[in-house]
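What follows is a short report on a single structure.
Here, each number is a calculation from the coordinates, and none is a lab measurement. Remember, predicted model here, so these are calculated numbers, not experimental data. Heads up, the Cβs are rebuilt from the backbone with ideal geometry, glycines too, and the neighbour counts pull from every protein chain shown.
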Amino acid sequence: MEQITVQASQSSYNVSVGAGIRHNLAAFLPKTYQSVFVVTDTTIAPHYLDEYVASLQPSANVTVKIIEPGEAAKSKDMYFELLDSMFEAGLDRKALVLALGGGVIGDLAGFVASTYMRGIDFVQLPTTILAHDSSVGGKVAINHETGKNLIGSFYPPTAVVYDVETISTLPEKEVRSGYAELIKEAYIGDTDFLHDLLERKQLDKENQAQLIQDLSLGIQVKTKIVEADEKENDLRKFLNLGHTLGHAIEAEAGYGTFTHGEAVAIGMLFALELSEEKFGTDLRLGEFRRWLERNEYPLQLPEFSAERLIKRMQMDKKSENKEVHMVLLREIGKPVTEKVDHDTLSRAVTSFLERMS
Ligand code: ADP
Ligand code: ZN
């Protein structure tokens, strides 16, 4: 088992990553809770819900809410539905919210916990690889019609208990999605980890020792960055490598066509190409492309209009005054934020789209 301590401004919490630790959940909680509210989805519940509940204090009063999987659950309606269920169950300020699932469950249940009676404890039990990213950094949110994650807050969990055995049932597409963020973290802040990933033949969701190691290394990179910059000033932007074009592709293709990580992987390819061109540096691009191919990332894009993608990139949260700011790498492990002018961007996106069609 690996344990990483994340220092948030008000409190610190442990992220424990191990195999089979769901059977010993109570040992990872800071205290015993009389009332527990579990949020999970209909895909995860049949596999793991009973095991997690069985590992809680036998006398605990447990209420379970099982929702439909998918991003649509991060809605105002679902938010109030969960709050209603909590009041109905008579939960007080000392109750605990358990988020059993991926990023959707973590964001939703975390936001609910952050506002129920001005905030109660919440523990994340991630079941996806991608959730390593959302479970560190304390961001919780639901969506508004205007855009994703627009209603939310910074609310660190009380603990994160990450049992990698649950990854064995995760669909391959979701495994790829999660590993895209891991290789992104390696590129930003861990050259040895990057080397190890690029050398590897195939992603393997059954290799638990390797999963523990990979997730811990990714979490450490992210932790260092969010600790240095909890409220998203400069450093945190570096985590956006691959996301400027990635978000645009996700939205332009229609959410769900590409998983988040698949779109980010394509965005990274673009950002790394631009970086090599701009800084004349070697970012092991050929190896990265072969790694993506070997692991069957979708690398063929539908017919996108370059201008429409650029419009979306200009609207990105991280851009300012319609100027596109992108994270590039001066070298491996040395991210920088650069303003990219419209002409350069237009040329680069057009050429990229041609090669990816
Ligand atoms: P993330 O944002 O972390 O990718 P989501 O909450 O969007 O996570 O989950 C992705 C999908 O994978 C959902 O359909 C969810 O039900 C499913 N899922 C999550 N964890 C598992 C698991 N361990 N085994 C099987 N399916 C899972
Ligand atoms: Zn991301």
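When every Cα-Cα distance of segment 156-286 is counted in 5 angstrom steps from zero, the calculated P(r) takes the values 2, 10, 17, 21, 22, 18, 8, 2, 0 percent. Placing pseudo-labels 7 Å out from each Cα toward the beta carbon at Lys94 and Asp50 gives an inter-label distance of 3.1 nm. The slack between Glu199 and Arg330, meaning 0.36 nm per residue of separation minus the straight C-alpha distance, is 45.0 nm. If the segment from Gln10 to Gln210 were pulled out straight at 0.36 nm per residue, it would be longer than the present Cα-Cα gap by 68.8 nm.
Calculated translational diffusion coefficient of segment 15-79 (37 °C, 0.692 mPa s; Stokes-Einstein with Kirkwood radius over alpha-carbon pairs) equals 247 µm²/s.
When each of Leu108, Leu198, Leu245 is scored by the number of other beta-carbon atoms lying within 10 Å, the sequence from fewest to most is Leu198, Leu108, Leu245.
Put a plus charge on the Cβ of each Lys and Arg, a minus charge on the Cβ of each Asp and Glu, and nothing anywhere else: the dipole of segment 234-355 about its Cα centre is then about 280 debye. Each residue of segment 206-220 was assigned a 3J(HN,Hα) from its phi angle through the Karplus expression (A = 6.51, B = -1.76, C = 1.60, θ = phi - 60°), giving 9, 7, 5, 4, 5, 4, 4, 5, 4, 5, 5, 5, x, 4, 5 Hz with x at Gly and Pro. Segment 121-198 and segment 300-357 have Cα centres spaced 24 Å apart.
As a calculated quantity, the FRET efficiency between Thr191 and Ser85 at R0 = 56 Å, using C-beta atoms, amounts to about 0.75. Pairs with C-alpha atoms separated by more than 18 Å, drawn from the list Lys139/Lys222; Lys139/Lys237; Lys173/Lys224; Lys74/Lys139; Lys31/Lys94; Lys173/Lys222, are Lys173/Lys224; Lys173/Lys222. Distance between the 7 Å Cα→Cβ label points at Ala26 and Thr337: 4.7 nm. Relative to the compact-globule estimate of 2.2 N^0.38 Å, the Cα radius of gyration of the chain comes out at 0.98.
Rounded if a/c is under 1.5, else prolate if a/b is larger than b/c, else oblate: which is segment 41-130, with a ≥ b ≥ c the root eigenvalues of its Cα gyration tensor? Since a/c reaches 1.5 but b/c is at least a/b, the shape of segment 41-130 is classed as oblate. The phi torsions of segment 169-177, fed into the Karplus equation with coefficients 6.51, -1.76 and 1.60 and a -60° offset, translate into couplings of 9, 6, x, 4, 4, 6, 5, 4, 4 Hz, rounded to whole numbers, with Gly and Pro shown as x.
Estimated translational diffusion coefficient (Stokes-Einstein, Kirkwood radius over Cα pairs, 37 °C, 0.692 mPa s) of segment 162-227: 270 µm² per second.
Taking the square roots of five times each eigenvalue of the Cα gyration tensor of segment 2-167, the equivalent ellipsoid has semi-axes of 21, 18, 16 Å, listed largest first. With both labels modelled 7 Å from their Cα along Cα-to-Cβ, the Ala253 to Thr344 distance reads 2.7 nm.
Each part gets one Cα centre, and for segment 264-278 versus segment 38-87 those centres are 39 Å apart. Counting every pair of alpha carbons in segment 241-356, the share spaced more than 23 Å apart comes to 23 percent. Couplings 3J(HN,Hα) of segment 76-91, computed from phi: 4, 4, 5, 4, 6, 4, 5, 4, 4, 4, 5, 5, 4, 6, x, 6 Hz, in residue order, whole Hz [Karplus 6.51 cos²θ - 1.76 cosθ + 1.60, θ = phi - 60°; x for Gly and Pro].
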